[in-house]
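Below: one structure, written as structure tokens.
We did not get these values from a lab; they are worked out from the coordinates using the rules stated. On a predicted model such as this, the values are computed, not experimentally measured, just so you know. Note that each Cβ is placed from the backbone with ideal geometry, even for glycine, and that neighbours are counted across all protein chains shown.
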Amino acid sequence: MNSNATVSAKKQDIERKWYVVDAEGLVLGRLATQIANILRGKDKPNFTPNLDCGDFVIVVNADKVALTGKKLDQKMYVTHSGYLGGRKETTYRKMMQEKPERVIEHAVKGMLPKNKLSNQIYSKLKVYAGPDHPHEAQKPEVLEIKTRKN
């Protein structure tokens, strides 16, 4: 076998870590892209596109994430029930008051691939509005993300 051949990761060889990200003051889109890359495993040298080789990510202080520009009132979250007239719009400001975790979950989910792996990858994301989380037993490492709002 050639010594410089591409090595594909095997399912049993994948080692998963747990990371904690403090979202306070971070810009939503820039935070979501980095979280999506970690969840997918693109930061690892043995990244394999057809396997879920990413790590777990815990996001705390989701209620303190920042947006740039006028998105606080202009950004809309749209859902549809499937029935006529079943479209509902919610502003970012209202979503942050009611369910701040959903804002980060929605942004990260949109950045994951649209295939059979996406739900498996997405299930490794844990988002909490406050500074506390119930995953201390996994001994998560603190992950510094440098995307502070100016």
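Data overview
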read-out: Straight-distance crosslink candidates among aspartates and glutamates, where the alpha carbon sits under 16 Å from Lys124 and sequence neighbours closer than 8 are dropped; value: Glu15, Asp43, Asp52, Asp55, Glu101, Glu105, Glu136, Glu141
read-out: Part-to-part distance (alpha-carbon centres) for the stretch 88-150 and the stretch 1-56, which is given in Å; value: 16 Å
read-out: Answer label, with semi-axes √(5λ) of the Cα gyration tensor in Å calculated from the coordinates and candidates (1) 35, 15, 12; (2) 31, 20, 14; (3) 27, 21, 12; value: (2)
read-out: Cβ-based net charge around Ser118, under 10 Å, with every Lys or Arg adding one and every Asp or Glu removing one; value: +3
read-out: Label point at Ile14 placed 7 Å out along Cα→Cβ; residues across the stretch 22-64 whose backbone nitrogen lies under 17 Å; value: 35-58
read-out: Dipole magnitude of the chain, debye to nearest 20 (Cβ charges: Lys/Arg +1, Asp/Glu -1, about Cα centre); value: 580 debye
read-out: Estimated FRET transfer efficiency when R0 is 30 angstrom, pair Arg87-Asn115 (beta carbons, to 0.05); value: 0.65
read-out: Dipole of the chain, positive end: most advanced residue of Leu84, Thr68, Phe56 [Cβ charges, Cα centre]; value: Leu84
read-out: Sites matching trypsin sites (Lys or Arg not before Pro) across the stretch 17-108 that sit in DSSP coil, with at most 13 neighbouring C-beta atoms within 10 Å; value: Lys42, Lys70
read-out: Residue exposure sequence - Leu72, Leu26 - by fewest surrounding Cβ within 10 Å; value: Leu72, Leu26
read-out: Approximate spin-label separation Gln97-Tyr122, in nm, with each point projected 7 Å along Cα-to-Cβ; value: 2.7 nm
read-out: Footprinting exposure proxy for Lys10, Lys126 (fewest neighbouring C-beta atoms within 10 Å first); value: Lys10, Lys126
